[in-house]
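A.B. asks: I am attaching a structure below and will ask some questions about it afterwards.
The values are calculated or read from the model by the stated rules, or taken from the named source; none is laboratory data. Keep in mind it's a predicted model, so treat the numbers as computed, not measured. So basically every Cβ, Gly included, is an ideal-geometry build from the backbone, and we count neighbours across all protein chains shown. The protein model used for the area step is the full one, side chains on, heavy atoms only, and it has no ligands, DNA or RNA in it. Shrake-Rupley method; radii C 1.70, N 1.55, O 1.52, S 1.80 Å.
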Protein chains: 2
Amino acid sequence: MISWNNFDTLKAYKKLEEMDKTFSLKDEMSKASAGDRVANYSCRMSSGLTYNYGSKAVDEKVLEALKELASEAQLVEKFEALYNGEVINTGEKRRVLHQLTRGQLGNDVIADGVNKRAFYAEQVEKIKAFANKVHAGEITNAKGEKFTTVCQIGIGGSDLGPRAMYLALENWAKVNGFFKMNAKFISNVDPDDAASVLYDMDVEHTIFILVSKSGTTLETLTNESFVKDALKNRGLDPAKHMIAVTSETSPLAKSADYLAAFFMDDFIGGRYSSTSAVGGAVLSLAFGPEINERFLAGAKAEDQNAKEKDLLKNPAMLDALIGVYERNFLGYPSTAVLPYSQALSRFPAHLQQLDMESNGKSVNRFGEVINYKTGPVIFGEPGTNGQHSFYQLLHQGTDIIPLQFIGFKETQMETDVNIQGSTSREKLSANVAAQIVAFACGKNDENPNKVFEGNRPSSIIVGDKLTPEALGALLAHFENKVMFQGFVWNINSFDQEGVQLGKVLAKKVLAGDTTGALKAYASLLNV
Amino acid sequence: MISWNNFDTLKAYKKLEEMDKTFSLKDEMSKASAGDRVANYSCRMSSGLTYNYGSKAVDEKVLEALKELASEAQLVEKFEALYNGEVINTGEKRRVLHQLTRGQLGNDVIADGVNKRAFYAEQVEKIKAFANKVHAGEITNAKGEKFTTVCQIGIGGSDLGPRAMYLALENWAKVNGFFKMNAKFISNVDPDDAASVLYDMDVEHTIFILVSKSGTTLETLTNESFVKDALKNRGLDPAKHMIAVTSETSPLAKSADYLAAFFMDDFIGGRYSSTSAVGGAVLSLAFGPEINERFLAGAKAEDQNAKEKDLLKNPAMLDALIGVYERNFLGYPSTAVLPYSQALSRFPAHLQQLDMESNGKSVNRFGEVINYKTGPVIFGEPGTNGQHSFYQLLHQGTDIIPLQFIGFKETQMETDVNIQGSTSREKLSANVAAQIVAFACGKNDENPNKVFEGNRPSSIIVGDKLTPEALGALLAHFENKVMFQGFVWNINSFDQEGVQLGKVLAKKVLAGDTTGALKAYASLLNV
């Protein structure tokens, strides 16, 4: 029997709170034997990835307490309930089935008489058939010419995840013969976004994907209208250039305005939709359906790891609980995500949504106010660029900010240059290793301006190469990490009530229905 | 006479610390009269911009104390000393002259017998002459064909600022007839960065700008080598395709490897170099020298505002001191930058470097450890995209995060669409107004999950339109804000000792000179 309890009512909470926190990461990692610690504090993931927490401020005692927390909070059991179809999204009274878009982890999930696994698999197949026809020139523009570009119109989860995934694989696909179509993205209601994307675009040979679960997202419908105008101005029929990704109940689902429609449903949150049709359509068109399937396979394999009962063999849960320890017991309010891979340039922006929108909550899953910290601020940029930017504060600032590194042993494009006795890839990897140790161990100096306090905790996910499988695994890892943290904090990680008020007030402004402060700001912005 | 004292030794510090902090932004902004407050808490900037702090958690009493702080900390006098050429960068024993790259605010600054204003102005003129020749087809590739693309190779301040400025004006230039050349950027030592930029590039018609003040930045030299290989592989002579931006004393300055060299010097920090040749070369080539000059004029005009002694008429100082109040007395550890302009997509990344690298310090300007918080974490993404991402946490998370909005009354590209009774531009502006009020005032609800606590402070910079002048003013505003905060905290905002240790350890890894933890991580990353 699962019970949902506030974090601060658990025995493990009390134990962690009262635990001696004098462990010195700096001392530990400065020992000659620290190599053993690094080797031991390692957890195998799927698809050639490893989660290493050697430089986290934890020892056996903390890990033991986190194991007790995992058990007392019934994290594996809650995950089981989730993938078996329980209504985990209590606020919106919905199941949470994004893991099912990439494989079956438990029982069949039947909702409204539909086998949901079959439903999601059917979308993958429909997209596959459609993409293959586009690539074969069987689905073309009005002149019978092949489409060369795909442009996704969506915002939030319909944009950040798919865009980050596309960018992560674009170069890999180019050098490995999988690049089929260029992908572009329009998201912002700022008309300069659509205008600038369309400015340089070969619109005549572009297929647009309109992505909105409800079919009512204002930004997305506005941008659709913008694009339709552009098509019409060129004498093109919008209905021959657009497909939709939406729910079956949305006004877009059976509209003649689209060449085809592919479906998601209410059990897939926007920020968890990269492995649904929301990501699948653009990835299948850009790189071919087999690449999308490899991406899904990577995510599925990592979901399997999240079922593991032994905390030390469950990378997502371990990452989650160390994060909780840092947030609630060490008091760190933010976390930086630092991928040493230019291909992951927008991965931090995706994680920022995933984590902050899921766990930026102040009430528990029953709507009761809680008295402990939940999700931290997430930010980040690729290394080595970040080293020449905000790392100064990370090393010598007055706050400690836990770090999540990501690195790979091989490049994607396999072109390199050897100067000063090493390749760029080696320089990149050397910098990751150096930074982790610099943050953990610091350095003393007679001049306080050159002192590094150290004791800055970090973990790293290391992979062989950023392939579709590795990307899928990476994505699933963080989705599952966020889920486990939400379970610990006893919050609903799958709704987003915090976005509503702004929408309501924006409508008032547009309707001219304003007084006081709202009227003043509307006037200031000339609306 | 200027005296440099730690913040916590000032009378104003004590006053602010002991001040009653029960002011309720929510209550104040929910009043019918809040419109007056919004109108009053406004400070005119240059180039059509206004800094509005109506939704900051300050009242007359706080502002009065901040005035006393500005006076006691001698902020205007310190700025005067800086622009008159005093050695403000104490750690590196350097003057700080980036304001001089865009105009003379005080006395002539003579260093080593050189009039520095004349020196910087000369670079602008040299770049202008060079760019005009490139645009006129007088400087061409070996075949006598015009260059069509410019590619900047640099990292940190040689990348983030110039890239953000280019992106901010790219679309404006396109629709206003100023777009001369496409610009690309290579920064990361990850070889996939250079490889992917070169993959789609018309290398034969590209002029590369190598940017490194010292001429020894490892990432940049590595990427130069990468690019030279690419040129040679195409049978092209690198020396006919490359220019350098560097200091006169660097090995690049008089090298025959470059078509031309333009100079900055040690008095321009990387993160403050957008208005020097570092930004000037790429902006002049991309948009024409007159656009660069308009950008400089905007920055200069805003620098003038920073000289103002009356705090309420000095937008950068006001912004700085309100930020200090939030950081040191209200205890907020991070700040989000939220431009409602897709053109400013990389402006938050630039501010992240500018702010965090300048003020992420734990020692004062004399190298003594300090006992108060300095620079916060800075992060952000353009609105309305952010609304569909991390705003959930900003509205309903357990921490309060001050917000910096930026908005404009007009679009850059002047193409728009009217649906549901409003244009996209109106929707964009309505959303800014709505968010500010939602954050400040919140909303009560019977269901705690739908409650918005409010009391989330924000300020907004509103402009007419994002022109070169407005962009220059915006840039200078934040540079000056960061400078004033550094003065208050009594730190050196112009060095970056925190980047050194990582470099030293990375060299050790590449030399195979590792033990313990460093050896283990090097092995993990296969280097």
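A.B. asks: From the protein chains alone at 1.4 Å, what is the descending order of accessible area for B:Asp399, A:Asp112, largest first? Don't skip to the end; give the middle numbers.
C.D. replies: Details: B:Asp399 30, A:Asp112 150 Å².
Order by accessible area, largest first: A:Asp112, B:Asp399.
A.B. asks: Using the structure shown, list the pairs from B:Lys146/B:Lys300; B:Lys213/B:Lys519; A:Lys26/A:Lys450; B:Lys26/B:Lys465 with a Cα-Cα distance above 23 Å, or answer none. Intermediate results must be reported in sequence, preceding the final value.
C.D. replies: Numbers: B:Lys146/B:Lys300 33 Å; B:Lys213/B:Lys519 32 Å; A:Lys26/A:Lys450 17 Å; B:Lys26/B:Lys465 30 Å.
Too far apart for the 23 Å limit: B:Lys146/B:Lys300; B:Lys213/B:Lys519; B:Lys26/B:Lys465.
A.B. asks: Taking all protein chains together and a probe of 1.4 Å, list A:Ser345, B:Ser422 from the most accessible to the least accessible.
C.D. replies: Largest to smallest exposure gives the sequence A:Ser345, B:Ser422.
A.B. asks: For region A:232-281 and region A:339-365, compute the distance between their C-alpha centroids and round to whole Å.
C.D. replies: Cα centres, region A:232-281 to region A:339-365: 24 Å.
A.B. asks: Averaged across the residues of A:153-160, what count of C-beta atoms belonging to other chains lies within 10 Å of each residue's C-beta?
C.D. replies: 3
A.B. asks: If you don't mind, another one. Pop out the carbon and sulfur fraction of the accessible area of region A:446-520 as a percent, whole number, probe 1.4 Å.
C.D. replies: 47 percent
A.B. asks: For the rotation taking A to B, I'd like to know which residue in chain A has the C-beta closest to the axis, plus that distance in Å.
C.D. replies: A:Phe379, 2
A.B. asks: Kindly give Rg over Rh for the protein assembly as shown, based on alpha-carbon atoms, with the Kirkwood expression for the hydrodynamic radius.
C.D. replies: 0.94
A.B. asks: Accessible area of B:Ser247, 1.4 Å probe, to the nearest 10 Å²?
C.D. replies: It works out to around 10 Å².
A.B. asks: If you don't mind, there's one more thing I want to ask. If you count only protein heavy atoms and use a 1.4 Å probe, how large is the accessible surface of B:Phe23, to the nearest 10 Å²?
C.D. replies: Counting only protein heavy atoms, the figure is 50 Å².
A.B. asks: Suppose every Lys and Arg Cβ carries +1 and every Asp and Glu Cβ carries -1, with no other charges. What dipole size does the protein assembly as shown come out with about its Cα centre, to the nearest 20 debye?
C.D. replies: It works out to roughly 460 debye.
A.B. asks: Once every DSSP H run of n ≥ 4 in chain A is given -39500 (n - 2.57) and the sum is divided by its residues, what mean residue ellipticity at 222 nm do you get, rounded to the nearest 500 deg cm²/dmol?
C.D. replies: For chain A, the value works out to -13000 deg cm²/dmol.
A.B. asks: Sorted by accessible area (1.4 Å probe), largest first, how do A:Glu86, B:Glu357 line up? It would help to have the intermediate numbers written out before the result.
C.D. replies: On the way: A:Glu86 95, B:Glu357 10 Å².
Largest to smallest exposure gives the sequence A:Glu86, B:Glu357.
A.B. asks: Determine the percent antiparallel among the DSSP beta bridges restricted to chain B, to the nearest 5.
C.D. replies: Rounded to the nearest five, the antiparallel share is 30 percent.
A.B. asks: In addition: Shielding of B:335-343 by partners, i.e. mean partner chain Cβ atoms within 10 Å per residue?
C.D. replies: 3
A.B. asks: If you count only protein heavy atoms with a 1.4 Å probe, what accessible area per residue comes out for chain B, rounded to a whole Å²?
C.D. replies: 32 Å²
A.B. asks: At 1.4 Å probe size, with no ligands or nucleic acids counted, give the accessible surface of B:Val451 in Å², nearest ten.
C.D. replies: 30 Å²
A.B. asks: Restricting to Cα pairs below 8 Å that are 6+ residues apart, what does the relative contact order work out to for region A:333-471? Please round to a whole percent. List each step's numbers first, then the result.
C.D. replies: Working: 206 pairs, mean separation 38.6, N = 139.
So the answer I get is 28 percent.
A.B. asks: Pick out, from B:Leu338, B:Asn444, B:Asn176, the residue whose Cα sits farthest towards the positive end of the charge dipole of chain B, with +1 on the Cβ of Lys and Arg and -1 on the Cβ of Asp and Glu.
C.D. replies: Going by the Cα projections, it comes out as B:Asn176.
A.B. asks: Quick one: if you take sqrt(5λ) for each eigenvalue of the C-alpha gyration tensor of region B:332-448, what semi-axes come out, biggest first, whole angstrom?
C.D. replies: Ellipsoid half-lengths, sorted descending, are 32, 21, 9 Å.
A.B. asks: Return a whole-number percent for the relative contact order of region A:1-76, with Cα pairs under 8 Å and 6 or more residues apart as the contact set.
C.D. replies: Result for region A:1-76 is 40 percent.
A.B. asks: Between region B:387-414 and region A:2-22, what's the alpha-carbon centroid distance in Å?
C.D. replies: So the two Cα centres are separated by 34 Å.
A.B. asks: Checking an interface number: how much accessible area is buried between A and B, summed over both chains, with a 1.4 Å probe, in Å² rounded to 100?
C.D. replies: Approximately 11300 Å², summed over both chains.
A.B. asks: Give me the distance in nm between label points sitting 7 Å out from Cα along the Cα-to-Cβ direction at B:Asn447 and A:Lys11, one decimal.
C.D. replies: With each label placed 7 Å out from Cα toward Cβ, I get 3.6 nm.
A.B. asks: Can you pull a Stokes-Einstein diffusion coefficient for region B:57-212 at 25 °C (0.890 mPa s), Rh from Kirkwood over Cα pairs, as a whole number of µm²/s? Each step should come with its number before you reach the end.
C.D. replies: Details: Rh = 19.4 Å.
Here the translational diffusion coefficient equals 126 µm²/s.
A.B. asks: Residues of A:409-419, mean number of Cβ from any other protein chain within 10 Å of their own Cβ, rounded to a whole number?
C.D. replies: The mean count of partner-chain Cβ atoms within 10 Å per residue comes to 6.
A.B. asks: Distances over 34 Å make up what percent of all Cα-Cα pairs in chain B? Walk me through the intermediate numbers first.
C.D. replies: On the way: 56180 of 138601 pairs.
Considering chain B, 41 percent of its Cα-Cα pairs are separated by more than 34 Å.
A.B. asks: Which angle from 0 to 90°, rounded to the nearest 10, does the C-alpha axis of helix A:347-359 make with the longest principal axis of chain A?
C.D. replies: That helix lies at roughly 80 degrees to the long axis.
A.B. asks: Still on this structure, please answer the following. Take the solvent-accessible surface of the protein heavy atoms, probe 1.4 Å, and return the percent of it on region B:360-427 that carbon and sulfur atoms account for. Display every interim value, and only then the final one.
C.D. replies: Working: 860 of 1910 Å².
Of the solvent-accessible surface of region B:360-427, carbon and sulfur hold 45 percent.
A.B. asks: Here's another thing I want to ask about it. For helix B:218-233, report the angle its Cα long axis makes with the longest principal axis of the Cα atoms of chain B; keep it between 0 and 90° and round to the nearest 10°.
C.D. replies: Helix B:218-233 and the main axis of chain B meet at about 40 degrees.
A.B. asks: Quick one: Debye curve from the C-alpha atoms of region B:270-417, no solvent, what's log10 I(q)/I(0) at q = 0.10, 0.15, 0.21 Å⁻¹?
C.D. replies: Taken in order of the listed q values, log10 I(q)/I(0) reads -0.47, -1.04, -1.50.
A.B. asks: Threshold 50 Å², probe 1.4 Å: give the residues of region A:375-399, in number order, that are less accessible with all protein chains present than with their chain alone.
C.D. replies: Output list: A:Val377, A:Phe379, A:Glu381, A:Asn385, A:His388, A:Ser389, A:Gln392, A:Leu393, A:Thr398, A:Asp399.
A.B. asks: Tilt of helix B:468-489 relative to the longest C-alpha principal axis of chain B, in degrees (0 to 90, nearest 10)?
C.D. replies: The helix B:468-489 is inclined about 70 degrees to chain B.
A.B. asks: What is the Cα centroid distance between region A:118-186 and region A:432-449, reported in whole angstrom?
C.D. replies: The distance from the Cα centre of region A:118-186 to that of region A:432-449 comes to 45 Å.
A.B. asks: Separate question: Hey, any idea what % of region A:33-114's accessible area is carbon plus sulfur with a 1.4 Å probe? Spell out each step's value before the answer.
C.D. replies: Values: 1270 of 3080 Å².
With neighbouring chains kept in place, the figure for region A:33-114 is 41 percent.
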